[in-house]
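Chemist: Following this message is one structure expressed as structure tokens.
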Amino acid sequence: MLAVSSDTLTIRPFLPGDLGALLPLNNAAVPAVNELTAEELLDLVNSALVCLVAVVDDTPAGFLLCLGDGAGYDSRNYQWLSQRVSNFAYTDRICVDESLRGKKIGDALYGALFERFAGSGRVFVCEVNERPANPGSIRFHSRLGFSEIGKADHGDKAVIFFKRDAEPASGNQSE
């Protein structure tokens, strides 16, 4: 467990009862992510490699939804990445309760993701809005070791694509 201020933070996989708490977190994060219905969010969770949930004092406070390559996801950003990168873990969305931002919950979610796929050879990819601008997310992902690999202008929105190298296997390695 990690300490978040005086609160207790745990990261765990999505549970069916989480949907009612995660949908408002997602929709409060628009335009950084697109608005979803409960059915759309559940469909994404069901097709995900993993959906990690940050829980603070027994309440879901954020989540990271990650898709793998070959998912058949109908997203122009996912398609862009699929044409250029293989064996990836794509962060489709990361959302944190606005009242708890700045408490390293996003760091903890990504840390759990990196640990989960350590040694798998999967690279980590995502995109961040350039228009409308999301400079906080660009700084956040850069700080976590993501580097820009391209841009796309979709007319209504422009994005910057980022990649972080595969995480080496954790634990003691003998030489």
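The values are calculated or read from the model by the stated rules, or taken from the named source; none is laboratory data. Bear in mind that the values here come from a model prediction, so they are computed numbers and not experimental data. Note that we place each Cβ from the backbone using ideal geometry, even for glycine, and neighbour counts take in every protein chain shown. These accessible areas exclude ligands, DNA and RNA; they are computed on the full protein's heavy atoms, side chains included. Shrake-Rupley method; radii C 1.70, N 1.55, O 1.52, S 1.80 Å.
Chemist: For GLU115 and LYS157, FRET efficiency with R0 = 22 Å and r from the beta-carbon atoms, rounded to 0.05?
Modeler: Efficiency, from the Cβ-Cβ distance: 0.10.
Chemist: Please calculate how many Å² of accessible area the range 1-127 carries per residue, with a 1.4 Å probe and no DNA, RNA or ligand atoms counted.
Modeler: Here the residues of the range 1-127 average 47 Å² of exposed surface.
Chemist: I've got another one for you. Which one, LEU81, LEU41, LEU67, has the greatest fluctuation when you compute a Gaussian network model over the chain with C-alpha springs under 10 angstrom?
Modeler: LEU41
Chemist: Restricting to bridges with both residues inside the chain, how much of the DSSP beta-bridge set is antiparallel, in percent to the nearest 5? Numbers along the way, then the final one.
Modeler: Numbers: 35 of 38 bridges.
Just about 90 percent of them are antiparallel.
Chemist: Next question. How large is the dipole of the range 1-153 about the Cα centre if only Lys and Arg carry +1 and Asp and Glu carry -1, each at its Cβ, rounded to the nearest 20 debye? Write down the numbers at each step before the final one.
Modeler: On the way: 13 positive and 19 negative charges, 118 e Å.
Approximately 560 debye in magnitude.
Chemist: Let me ask something else about it. Please state the shape class of the range 83-139: rounded when a/c is under 1.5, otherwise prolate if a/b exceeds b/c and oblate if not, all from the C-alpha gyration tensor.
Modeler: oblate
Chemist: From the Cα gyration tensor of the range 58-161, with a ≥ b ≥ c the square roots of its eigenvalues, which class applies: rounded if a/c is under 1.5, or else prolate if a/b is larger than b/c, or else oblate?
Modeler: Values: a/c = 1.70, a/b = 1.17, b/c = 1.45.
Oblate is the answer for the range 58-161, as a/c is 1.5 or above yet b/c matches or exceeds a/b.
Chemist: With +1 assigned to the C-beta of every Lys and Arg and -1 to the C-beta of every Asp and Glu, and no other charges, what is the dipole magnitude of the range 70-119 about the Cα centre in debye, to the nearest 20?
Modeler: On the way: 7 positive and 6 negative charges, 23 e Å.
The calculation lands at about 120 debye.
Chemist: Using a probe of 1.4 angstrom, how much of the accessible area of the chain is carbon and sulfur, in percent?
Modeler: Of all accessible area on the chain, carbon and sulfur atoms account for 47 percent.
Chemist: Now for a different question. Which residue, GLY102, GLY20, SER75, has the largest displacement toward the positive end of the dipole of the range 1-157 when charges sit on each Cβ (Lys, Arg +1; Asp, Glu -1)?
Modeler: The one lying farthest along the dipole's positive direction is GLY102.
Chemist: Also, I was wondering about something else. Place a +1 charge on the Cβ of each Lys and Arg in the range 1-82 and a -1 charge on the Cβ of each Asp and Glu, then give the dipole magnitude about the Cα centre in debye, rounded to the nearest 20.
Modeler: Numbers: 2 positive and 10 negative charges, 41 e Å.
Here the size comes out at about 200 debye.
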